[in-house]
1. Just going by the charge dipole of the stretch 72-218, with Lys and Arg at +1 and Asp and Glu at -1 on Cβ, which of Val108, Leu73, Cys196 is farthest out on the positive end?
2. Can you give the local net charge around Thr165? Use residues other than it whose beta-carbon is closer than 9 angstrom to its beta-carbon, Lys and Arg +1, Asp and Glu -1.
3. Is the shape of the chain rounded, prolate or oblate, going by the alpha carbon gyration tensor and its root eigenvalues a ≥ b ≥ c, with a/c under 1.5 for rounded and a/b larger than b/c for prolate?
4. Keeping all protein chains in place and using 1.4 angstrom, which order do Glu70, Glu160, Glu216, Glu115 fall into by accessible surface area, from largest down?
5. Using a Förster distance of 41 Å, how high is the FRET efficiency between Ser57 and Asp163, based on the Cβ-Cβ distance and rounded to 0.05?
6. Report, in debye and to the nearest 20, how large the dipole of the chain comes out about its Cα centre when Lys and Arg carry +1 and Asp and Glu carry -1 on their Cβ.
7. When the helices in the chain are scored as -39500 (n - 2.57) per DSSP H run of 4 or longer and the sum is shared across all residues, what 222 nm value do you end up with, to the nearest 500 deg cm²/dmol?
8. Place the peptides 108-114, 177-183 in order of packing, highest mean first, counting for every residue the other Cβ atoms within 10 Å and averaging per peptide.
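The values are calculated or read from the model by the stated rules, or taken from the named source; none is laboratory data. Predicted model only: the values in this text are computed from it and were never measured. All Cβ positions, even for glycine, are placed from backbone atoms using ideal geometry, and neighbour counts span all protein chains on display. Just so you know, the surface numbers come from the protein's heavy atoms only, side chains and all, with ligands and any DNA or RNA stripped out. Shrake-Rupley method; radii C 1.70, N 1.55, O 1.52, S 1.80 Å.
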Amino acid sequence: MAEEDLGPLPAGRHGFSREQVAHDQRERLIAGLAVAVAEHGYSAVTITHIIREAKVSRRVFYANFDGKEECFLAAFEVVVDHIRDLAAEAVEPIAGWPQQAIAATRAVLAFLASEPDLARLCLVESNGAGPAVAARFREAVHEVAPFLELGRAERPRGRELPDTTEEPVIGALVSLASRQVAAGEAEQLEDLLPDCAEFVLSPYLGPDEAKRLAGEAA
């Protein structure tokens, strides 16, 4: 959400219904939180920071959210929903699980690289935004597990993987991306595609084939 989208509604009779105005205000508050958190960090951000960015009143904020944690969760859900849609769109026209995995990884990295404030919100600030946010973050990243499990069908027969295989794969992906965002290099996230693809594919295809496909993806 770009800052230029956060401006106030036109004064006077703008022609929007009460529901449309409320929806617009909520969206602006979510976008305002993302900008404010990127600038100040979650622990230091205040309601004043958020409403200043959103250009709405304190009354409007509390009509939509109980506090900044609830607003943060709403922003987090917007981003997660969008990432989910991007990944689904990326894999839909592609045949073959390995190629789908690479396409989904590329789409997610490209989006986060294009929206560094949102990348920071999701991958860095969520760790310090309270227990409810931390729990939702864990749930969200583990939504990837069923898709990764499809890779088990790529394994040769008789070579079963441990039930916990997906856990370290997800952990490695999150750690790699989070470190880059925390270092202020979110806009270079797409450079991680070969490493991320290799992490995803290796348990299912073996290291050599994973490395080959990851190299082609780059």
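1. Ranked along the dipole, the leading option is Cys196.
2. So the environment of Thr165 carries a net charge of -3.
3. Prolate is the answer for the chain, as a/c is 1.5 or above and a/b outweighs b/c.
4. Glu160, Glu216, Glu70, Glu115
5. Step by step, r from the Cβ atoms, then E = 0.20.
6. Here the chain has a charge dipole of around 560 debye.
7. -21000 deg cm²/dmol
8. 108-114, 177-183
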